[in-house]
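Note sheet for the following structure.
The values are calculated or read from the model by the stated rules, or taken from the named source; none is laboratory data. Here the structure is a predicted model, which means the values were calculated and not measured. Cβ: placed from backbone, ideal geometry, glycine included. Neighbour counts: every protein chain shown.
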Amino acid sequence: MAQIATVNYHVHKPERQAFELDVDGIVGKLVSPDLAPIQVQVADERLVDDRVRFAEASVGFATYPSEVHAFEEGRDWHQTYDAELTELLVSEVGAQEVIIFDHTVRADDPNADRKPARNVHSDYSADGANKRLVDILGEDKAAEWSKGHFAFINVWRPVSAAINSAPLGFVHPSSVADQDWVLLDLVYPNRKGQIMGLVANPDHEWIYRSKMTPDEVVFFNIFDNRGLPSIGHSALDMVEDPNIHTVRRSIESRTLVRYAA
């Protein structure tokens, strides 16, 4: 049985739209473009007949416990967790080389610096991905990687408790039309990027994994230079069990991978 959730889609406009982050030097202060809240049906990956596979759907789910249980400020846990994510991506997607370049801990708390992203989006446009490649690798190494097969893949994990509210949901790429995407600027105090927002379409097929625990991860494609689709995703405004009141906490890790061919 499908769940009902509310998501915030983007809208088409004649002018370029943008998110502004950390406005006025205040961490977490966000100015957003117009969004359209819409109710959607969301299928539970645990209940579908066929396993959701990364190579077909740009998203995969796995049980993959971590030795790290507290993702606090500081870097004491980074080496251990980065090694685990590297092992995961080598095993699950066939990565030959993995660079983990960012971790973001999010909490569904009004006072949190980073809250769940409640807009349907993918993290990079093609130009944004190629610019980020240069930012991470430098021009010479980026040119070398661009001759082969590379991708940006995010890995998401619950922290502290199973997810009861605002789970992460995904739009199956096969249900998305090219015209559903809209280019958005991402404006930070010290740099500028580009992401892709998704506009509502009744054909969109949503999927998530219910009650994900800290022993589970979801890994999903953000950009692939050989054509695997980027996947639209968003926190879903829904509650699994109204009698449970845990705060939704998660860690999202951004990775750059290179494939053998």
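Side notes on the structure shown:
- Flag for Thr86 being within 25 Å of Glu240 (Cβ to Cβ), hydroxyl-bearing (Ser, Thr, Tyr) and over 16 Å from the mean Cα position of the chain (by Cα): no
- Glu240 being in contact with a helix residue (DSSP H, G or I) (Cβ under 6 Å, 6 or more places away or on another chain) and either surrounded by fewer than 21 Cβ atoms within 10 Å (Cβ to Cβ) or under 23 Å from Asp82 (Cβ atoms) (or both): no
- Selection of first residues in the range 1-29 that are in a loop (DSSP other than H, G, I, E, B) and of second residues that are at pLDDT 80 or above and of a type in the set (Ser, Thr, Tyr), restricted to Cβ pairs under 8 Å at least 6 apart or on distinct chains, gives the following pairs, ordered by first then second residue: Asp22/Tyr188.
- The set of residues in the range 169-197 that are in a strand (DSSP E or B), over 18 Å from the mean Cα position of the chain (by Cα) and either at pLDDT 95 or above or closer than 14 Å to His12 by Cα (or both) is empty.
- Sole exception among (1) in contact with an Asp or Glu (Cβ under 6 Å, 6 or more places away or on another chain); (2) modelled with pLDDT of 95 or more; (3) part of a strand (DSSP E or B) for Asn201, by number: (3)
- Residue in the range 143-160 that is of a type in the set (S, T, N, Q), within 20 Å of Asn201 (Cβ to Cβ) and either assigned to a strand (DSSP E or B) or modelled with pLDDT of 95 or more (or both) present: no
- Residue check, Asp215 over 24 Å from Ser174 (Cα atoms), modelled with pLDDT of 95 or more and either exposed (fewer than 14 other Cβ atoms within 10 Å of the Cβ) or touching a strand residue (DSSP E or B) at 6+ places or on another chain (Cβ under 7 Å) (or both): yes
- Residue count for the range 80-110, restricted to those that are surrounded by fewer than 14 Cβ atoms within 10 Å (Cβ to Cβ), more than 20 Å from Arg132 (Cα to Cα) and either in contact with a Gly (Cβ under 6 Å, 6 or more places away or on another chain) or not small (Gly, Ala, Ser) (or both): 4
- Residue count, the range 55-102 (criterion: outside any helix (DSSP H, G or I), of a type in the set (Asp, Glu) and closer than 24 Å to Pro167 by Cα): 4
- Positions within the range 38-79 being of a type in the set (S, T, N, Q) and surrounded by fewer than 12 Cβ atoms within 10 Å (Cβ to Cβ), in sequence order: Gln39, Thr63, Gln79
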